[in-house]
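**Student:** Submitted below is the structure of interest, expressed as structure tokens.
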Amino acid sequence: MSEDNNMTRRTFLRYAGSLAAFAGASAVLPGYALAGFGSGDREVLTPKGPDNVIDLTIGKMPHKIDGKRGEAIGINGSVPGPLIRLQEGQDVMLRVTNELDDTTSIHWHGILLPFQMDGVPGVSFDGIAPGETFEYKYPVRQNGTYWYHSHSGLQEQLGHYGPMIIDPADEDPVEYDREYPIVLSDWTFEDPHDVLDNVISLDAYYNYQQRTLGDFFDDVKEKGLGDTIKNYASFGKMRMKATDLLDITGATYTYLMNGRGPNSNWNALFKKGEKVRLRFINASAGTTAFDVRIPGLEMTVVQADGQNIEPVPIEEFRIGIAETYDVIVEPKEEKPYTIFAESLDRSGYARGTLAPREGMSAPIPELRERPVRDMRDMGMMMGMDGMDMKEGDMKGMDHGDMDHGNMDHGGQDSDAMVPAWKETPVKHGPSKHGPGAAAIAQNQFNRLDEPGIGLGDDGRKVLTYNNLKSLRPNKDERDAQREVELHLTGNMERYMWSFDGDQFHEVDGPIEFTHNERLRLILVNDTMMEHPIHLHGMWMELENGNGQYNPRQHTLLVQPAQRISALITPRDKGRWAFHCHILYHMERGMFRVVQVADEDGSIYGQDYS
């Protein structure tokens, strides 16, 4: 691995050109505009010295959001933490000092590294005790937009996260004149433990958007009395509500863009005609998926989860927790544009302004009408009238006698395995998911061509998973040798979340992967909520019909009643976390450990090919 700490020539020339363009304005523009990151109150850290060291300190700090004060966990005194900028090919050391009263950690999200450096207490190391310093050492063998965050308790909700950019060793296929990381997150002035207690005691504690009697009569007028009653009864049997979109909402959350509330109007500067790269990161801890658009500007998506893809022109995209998307915009007019990130449930938004001059703002769109779950989200077939129950009778929601989850089909011929992107819905088999699962999705749908609930009905071009195609082919051309199927399960009334109905403390051991095998991971969402599922230590090659160009993902946002599959080659041995990236879902049991070992059971020794 190279220890060269310099920028590539092309990168240097790009930044030199940007600096030259601003030379005459340096007296009036703040330093962060010259740096090109739009975050003047926080550091940009690059490795220093012969050992390529970066120092990080974690501690409590006062935090003000739109004039209201609270206490946060900051990294080097800021929320989000400093931008860490690395170079592909380096060997780096990140020294993390804990000034908290509790054990802490940093997980390098989406980064391929030795499992002992992955930063998950109880899985890959013991954590960083108060007053101690831990040295993360690993080779940087990828490039793109990533981020880092705590994997200890509920610290992430208190601000313990930050952005990371890794510059490519070779020429960047994406051309741009300047760039900005845009970290989206949710913030509450409540203690996160109180938030968790609240949703455990009452599932709709933060849901102020319940259906009313007026909504009932509107439904009767549109669908008829019989179908409306059947609809309400079906949701009642599921122990869900059609308005159950996010567990935690704008009732307690302020939505942030680079640590600033909507009233603070974070600015990103541009010159007319420039190509501006916006690196979006969803660092939310709660349940917040954002729908992002810039009214008046088309966006071209060039990267997903740090991996380059064939450019996709769009007007809007949904970004689940822990996902990243890089987009290019080219403002043709010298005027401000609002960067608008609306929460999935329409209970609030984060916003900033892309502007030719500091301090400008543009009109803020009104929040759209709150979407409502339908029978398809329950896993039921819908006829032309939207209420055809013949294929998905409520009896199908009962629990049967066979465990359909975590099925290992290693003895099957891989040619007989039908990828999830095929169009035919898959019937759910009988299940023993138990009290951890309120119900099952009787029919499991593809949904890769669906942008998600509340999107796609207003004429805008919205990104879907089917649009993602890797810019370069995946290395492993083998077919899957076996399948591992896991069901995402939950009981909203008891606020229990799990895989296959078992919370983490109820499972006997890890999920076993064999080093360098080729397998297909199938995820089935039996709940009526979206779950961002993150697998540490390896890529999930999403099967969306692009063959060797299937996109590589570290996080998959799985829609309700969706069946989704990915091919995996576990190249790095060790113990890896596998979980829903909704912090409160993970805390309440939707967490497993994947163990990658040789056939003799050894988990040590890495393959960096």
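**Student:** Looking only at residues that are surrounded by 24 or more Cβ atoms within 10 Å (Cβ to Cβ) and not hydrophobic (A, V, I, L, M, F, W, C) in the stretch 564-580, which one is nearest to Met378 (Cα to Cα)?
**Tutor:** Top of the filtered list is Ser565.
**Student:** Let me ask something else about it. Just one of (1) assigned to a strand (DSSP E or B); (2) modelled with pLDDT under 50; (3) small (Gly, Ala, Ser) trips up Gly352, so point out which.
**Tutor:** Only one criterion is unmet by Gly352, namely (2).
**Student:** Conditions first: (1) in contact with a Gly (Cβ under 8 Å, 6 or more places away or on another chain); (2) surrounded by fewer than 19 Cβ atoms within 10 Å (Cβ to Cβ). Gly456 passes all but one, so which condition is the exception?
**Tutor:** Looking at each condition in turn, Gly456 falls short on (1).
**Student:** Quick check on Arg346: is it of a type in the set (Lys, Arg) and either modelled with pLDDT of 95 or more or out of contact with any strand residue (DSSP E or B) (no Cβ under 9 Å at 6 or more places or on another chain) (or both)?
**Tutor:** Criteria met by Arg346.
**Student:** If you don't mind, there's one more thing I want to ask. Can you find, within the stretch 467-486, the residue that is surrounded by the fewest Cβ atoms within 10 Å (Cβ to Cβ) among those that are aliphatic (A, V, I, L, M) and under 24 Å from the mean Cα position of the chain (by Cα)?
**Tutor:** Result: Leu471.
**Student:** Another question, if that's okay. Name the residue that is nearest to Ser185 (Cα to Cα), counting only residues in the stretch 244-267 that are over 19 Å from the mean Cα position of the chain (by Cα) and part of a strand (DSSP E or B).
**Tutor:** It comes out as Arg260.
**Student:** Related question: Read through the list (1) assigned to a loop (DSSP other than H, G, I, E, B); (2) in contact (Cβ under 8 Å) with a residue 40 or more places away in the chain, then give the number of the only condition that Asp457 fails.
**Tutor:** Only one criterion is unmet by Asp457, namely (2).
**Student:** Go over the candidates Thr145, Thr212, Thr188 one by one and state the one that is modelled with pLDDT under 95 and polar (S, T, N, Q).
**Tutor:** Thr212
**Student:** Collect the residues in the stretch 133-177 that are in a loop (DSSP other than H, G, I, E, B), crowded, with 24+ Cβ neighbours inside 10 Å and either in contact with a helix residue (DSSP H, G or I) (Cβ under 8 Å, 6 or more places away or on another chain) or among the acidic types (Asp, Glu) (or both), keeping them in residue-number order.
**Tutor:** Scanning the stretch 133-177 gives a single hit, Ser150.
**Student:** For Glu599, all conditions in the list (1) surrounded by fewer than 21 Cβ atoms within 10 Å (Cβ to Cβ); (2) part of a helix (DSSP H, G or I) hold save one; what is the number of the exception?
**Tutor:** The failed condition is (2).
**Student:** Turning to a different aspect of this structure: For residues that are in a loop (DSSP other than H, G, I, E, B) and out of contact with any strand residue (DSSP E or B) (no Cβ under 8 Å at 6 or more places or on another chain), scanning just the stretch 178-202, find the one that is nearest to Pro139 (Cα to Cα).
**Tutor:** So, considering only residues that are in a loop (DSSP other than H, G, I, E, B) and out of contact with any strand residue (DSSP E or B) (no Cβ under 8 Å at 6 or more places or on another chain), the one nearest to Pro139 (Cα to Cα) is Asp191.
**Student:** From the list Met360, Met384, pick out the single residue that is modelled with pLDDT of 95 or more and part of a loop (DSSP other than H, G, I, E, B).
**Tutor:** Met360
**Student:** Another question, then. Cβ-Cβ distance below 8 Å, separation of 6 or more or different chains: which pairs start in the stretch 183-195 with a residue that is touching a residue at least 60 places away in the same chain (Cβ under 8 Å) and farther than 19 Å from His109 by Cβ and end on one that is among the basic types (Lys, Arg) and surrounded by fewer than 20 Cβ atoms within 10 Å (Cβ to Cβ)?
**Tutor:** Correct list of pairs: Phe189/Lys68.
**Student:** Which of (1) charged (D, E, K, R); (2) surrounded by fewer than 18 Cβ atoms within 10 Å (Cβ to Cβ); (3) in contact (Cβ under 8 Å) with a residue 60 or more places away in the chain is the odd one out, the single condition Glu366 does not satisfy?
**Tutor:** (3)
**Student:** Within the set of pairs 6+ apart or on separate chains, which have a first residue in the stretch 548-573 that is on the phi > 0 side of the Ramachandran plot, a second that is part of a helix (DSSP H, G or I), and C-beta atoms under 8 Å apart?
**Tutor:** Ala561/Arg376; Ala561/Asp377; Ala561/Met378
**Student:** Among the residues that make up the stretch 18-38, is at least one of them at pLDDT 95 or above and surrounded by 12 or more Cβ atoms within 10 Å (Cβ to Cβ)?
**Tutor:** no
**Student:** While we're looking at this one, here's another question. On the given criteria, is Val53 under 23 Å from the mean Cα position of the chain (by Cα) and at pLDDT 95 or above?
**Tutor:** No, not satisfied.
**Student:** With Gly396, Gly405, Gly379, Gly320 as the choices, which residue is modelled with pLDDT of 95 or more and in contact with a His (Cβ under 8 Å, 6 or more places away or on another chain)?
**Tutor:** After ruling out the rest, the residue left standing is Gly320.
**Student:** Would you be able to say whether some residue in the stretch 568-587 is of a type in the set (Gly, Ala, Ser), assigned to a loop (DSSP other than H, G, I, E, B) and touching a helix residue (DSSP H, G or I) at 6+ places or on another chain (Cβ under 9 Å)?
**Tutor:** Within the stretch 568-587, not a single residue is of a type in the set (Gly, Ala, Ser), assigned to a loop (DSSP other than H, G, I, E, B) and touching a helix residue (DSSP H, G or I) at 6+ places or on another chain (Cβ under 9 Å).
**Student:** Continuing with the same structure: Can Glu334 be described as over 23 Å from Pro163 (Cα atoms), in contact (Cβ under 8 Å) with a residue 60 or more places away in the chain and either hydrophobic (A, V, I, L, M, F, W, C) or surrounded by fewer than 24 Cβ atoms within 10 Å (Cβ to Cβ) (or both)?
**Tutor:** Criteria met by Glu334.
**Student:** How many residues, within the stretch 139-187, are touching a His at 6+ places or on another chain (Cβ under 9 Å) and not hydroxyl-bearing (Ser, Thr, Tyr)?
**Tutor:** So the count comes out to 13.
**Student:** If you don't mind, there's one more thing I want to ask. Of everything in the stretch 544-586 that's among the β-branched types (Val, Ile, Thr) and over 15 Å from Phe445 (Cβ atoms), which residue is farthest from the chain's Cα centre (by Cα)?
**Tutor:** Thr569
**Student:** Next up: Pick out, from the stretch 489-538, the strands (runs of 3 or more DSSP E) lying fully within it that include 2 or more residues that are more than 23 Å from the chain's Cα centre (by Cα) and surrounded by fewer than 24 Cβ atoms within 10 Å (Cβ to Cβ).
**Tutor:** So the answer is 511-514.
**Student:** How about the stretch 56-71: which of its residues are in contact with a Pro (Cβ under 8 Å, 6 or more places away or on another chain) and either at pLDDT below 95 or over 21 Å from Thr353 (Cβ atoms) (or both)?
**Tutor:** Correct list: Leu56, Arg69, Gly70, Glu71.
The values are calculated or read from the model by the stated rules, or taken from the named source; none is laboratory data. Since this is a predicted model, take the numbers as computed values, not measurements. FYI the Cβ positions are ideal-geometry reconstructions off the backbone, even for glycines, and counts take in every protein chain you see.
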